[in-house]
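Input: a single structure, listed below in structure tokens.
The values are calculated or read from the model by the stated rules, or taken from the named source; none is laboratory data. Keep in mind it's a predicted model, so treat the numbers as computed, not measured. Neighbour counts are summed over all protein chains in view; Cβ atoms, including those assigned to glycine, are modelled from backbone coordinates with ideal geometry. Side chains included, ligands, DNA and RNA excluded: accessible areas come from the protein's heavy atoms. Shrake-Rupley method; radii C 1.70, N 1.55, O 1.52, S 1.80 Å.
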Amino acid sequence: GLPAKSPTYGNWESTGLDGHMGGHYVSALALMVASTGDAQAKQKLDYAIAELKRCQDALGTGYIGGIPHGAKAWGQLGAGQLKVDSFSLNGRWVPWYNIHKVFAGLRDAWVYTGNADAHPMLVKLPHWALRLTTPLTDAQMQDMLRAEHGGMNEVLADVAQMTGDLRYLALARRF
């Protein structure tokens, strides 16, 4: 709901996979900072995290993502309304892959650089995912996973290990 600071990138970033590149970018910067100590990369990482935090705070649900009309799509999913196709969920192209990239970017920013904002932001995401998927039956969850699951099981297990919260491990197993 925040105004865009610049036009979106072309190709996948403006044709339904909007936002996934941000997670890749944060991971790349975190790994670059960790391996080189480059101050400019750290500055860019901190800026990217601050902008993601601004988005997460504005929405207020813990979610961060660029999926077109994401609130509607996730709302449908949370209500058990599932339209599943190959690599598509409720008309959105690989939404769990997309959100996994944001999870992974925040994880990498915290683990590899100790970015102070990345950790609480990361922990808000599985709370959002838990609230969203808890009402789904196992059959609905399996139906949803016919489309894709991104790497949600990986990042949820990582957050469970980082926090000691076994609810995230249980959700990782559901994925």
(request) Just give me the residues in the stretch 124-156 being open to solvent by 10 Å² or more (accessible area, probe 1.4 Å), within 24 Å of Lys53 (Cβ to Cβ), out of contact with any Lys or Arg (no Cβ under 7 Å at 6 or more places or on another chain) and hydrophobic (A, V, I, L, M, F, W, C), in sequence order. (result) Trp128, Leu132
(message) Tally up the residues in the stretch 63-87 that are charged (D, E, K, R) and under 29 Å from Ala48 (Cα atoms), please.
(response) 1
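Please state which one of Ser27, Ser35 is of a type outside the set (A, V, I, L, M, F, W, C), touching a Lys or Arg at 6+ places or on another chain (Cβ under 9 Å) and either in contact (Cβ under 8 Å) with a residue 40 or more places away in the chain or within 24 Å of Gly114 (Cβ to Cβ) (or both). Let's see the steps before the verdict.
On the way: Ser35 fails: touching a Lys or Arg at 6+ places or on another chain (Cβ under 9 Å).
So the residue among Ser27, Ser35 that is of a type outside the set (A, V, I, L, M, F, W, C), touching a Lys or Arg at 6+ places or on another chain (Cβ under 9 Å) and either in contact (Cβ under 8 Å) with a residue 40 or more places away in the chain or within 24 Å of Gly114 (Cβ to Cβ) (or both) is Ser27.
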(request) Just need a number here: residues in the stretch 13-45 that are at pLDDT 95 or above and either crowded, with 18+ Cβ neighbours inside 10 Å or touching a Phe, Trp or Tyr at 6+ places or on another chain (Cβ under 9 Å) (or both). (result) 13
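What number of residues within the stretch 78-91 are in contact (Cβ under 8 Å) with a residue 60 or more places away in the chain and within 27 Å of Asp117 (Cβ to Cβ)?
Total meeting the criteria: 0.
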(request) Show the residue pairs that are 6+ apart or on different chains and have beta-carbon atoms under 9 Å apart, the first residue being within the stretch 98-119 and farther than 20 Å from Asn153 by Cβ and in contact (Cβ under 8 Å) with a residue 60 or more places away in the chain, the second being surrounded by 23 or more Cβ atoms within 10 Å (Cβ to Cβ) and of a type in the set (Lys, Arg). (result) Ala118/Arg107
(message) I'd like to check something: does the stretch 157-164 contain any residue that is outside any helix (DSSP H, G or I), open to solvent by 20 Å² or more (accessible area, probe 1.4 Å), more than 30 Å from Ala41 (Cβ to Cβ) and not β-branched (Val, Ile, Thr)?
(response) yes
(message) Restricting to the stretch 138-164, name every residue that is in contact (Cβ under 8 Å) with a residue 12 or more places away in the chain and not aliphatic (A, V, I, L, M).
(response) Asp138, Gln140, Asp143, Arg146, Glu148, His149, Gly150, Gly151, Asn153, Glu154, Asp158, Thr163
(request) Consider Asn115 carefully, then state whether it is of a type outside the set (Gly, Ala, Ser) and either in a loop (DSSP other than H, G, I, E, B) or on the phi > 0 side of the Ramachandran plot (or both). (result) yes
(request) Please list, ordered by first then second residue, the pairs with beta carbon atoms under 6 Å, 6 or more apart or interchain, first in the stretch 54-69 and assigned to a loop (DSSP other than H, G, I, E, B), second modelled with pLDDT of 90 or more and open to solvent by 70 Å² or more (accessible area, probe 1.4 Å). (result) Gly62/Lys124
